Amino acid sequence: MGANFESADCFFCHKYVARGAGHWNSVTYCNEACEDAALVVRAAEAQRLQEETRQQWINKWIPSWLEEANLKPATYEKILLKASTGRTIDLNEMTYVEVEKVINEVSDRARAKQKKIKRDALKSDGKCLRCGGAGRADKWAQTGHTCYACNGTGKAQPAVKF
Ligand SMILES: [Zn+2]
Ligand SMILES: [Zn+2]
């Protein structure tokens, strides 16, 4: 990509590169070998970070989401097999992308579970599912604050089937 317009230190080995010499590609290098070496270091660093993330997912976040999702073992196994396209159910044997699929699925299910628990609790209290029993909400200012699902009573109305 041409030589240096200005003298600078090599981005990789930090040796002085005179003006008009060296190899320039966004930053200054002594030569292409130094640029290649810098790319290798950067790729290795990216890979190291990815592996660190993968380990955190496996050891910390997936177990934590699993606890919340409370999945049946067979369901979890299906998720593992789907993520690894049938290769393994061992997270440690999965690639970064495969483990990412697992954590996405398990966290989605945990969130769905939390929502259901909340709805069930409201239902058993006889509370309106839309407003949670408040009958109104500030965020409905445009439509007059009152919950249309319960007409402001906060109580669950008999389900209307369409
Ligand atoms: Zn260099
Ligand atoms: Zn309501």
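Miscellaneous remarks
- Once the C-beta distance of Asn25 and Thr53 is scaled by a Förster radius of 41 Å, the resulting FRET efficiency is 0.90 to the nearest 0.05.
- For Ser84, no residue has an amide H sitting under 5 Å from its own, ignoring neighbours fewer than 5 places away on the same chain, with H placed 1.01 Å from N.
- Amide H to amide H, with H built 1.01 Å from N, Thr28 comes under 5 Å of Phe11, counting only residues 5 or more places away or on other chains.
- The modelled label-to-label distance for the pair Asp36/Trp61, using points 7 Å beyond Cα in the direction of Cβ, is 3.6 nm.
- Peptides 39-45, 122-128 ordered by average Cβ neighbours within 10 Å, highest first: 122-128, 39-45
- Rg over Rh, two decimals, region 52-124 (C-alpha only, Kirkwood Rh): 1.05
- CD proxy at 222 nm, helix term only [per DSSP H run n ≥ 4: -39500 (n - 2.57); per residue of the chain; nearest 500]: -15500 deg cm²/dmol
- In this simple spin-label approximation, Val97 and Thr143 carry label points 7 Å from Cα along the Cα→Cβ vector, and these lie 4.3 nm apart.
- Set against the 2.2 N^0.38 Å expectation for a compact globular protein, region 1-42 has a Cα radius of gyration ratio of 0.99.
- Packing, taken as the mean count of other beta carbons within 10 Å per residue, orders the peptides 91-100, 66-75 from highest to lowest as 91-100, 66-75.
- Computed lengthening from Asp120 to Glu6, 0.36 nm per intervening residue step minus Cα-Cα distance: 34.1 nm
- Computed over the alpha carbons of the chain, Rg followed by Dmax gives 28.4, 82 Å.
Throughout, read-outs are computed from the coordinates displayed, never taken from laboratory work. Note that this is a predicted model, so its numbers are computed, not measured. Cβ coordinates were reconstructed from backbone atoms using ideal geometry, including for glycine residues, and neighbour counts include every protein chain displayed.
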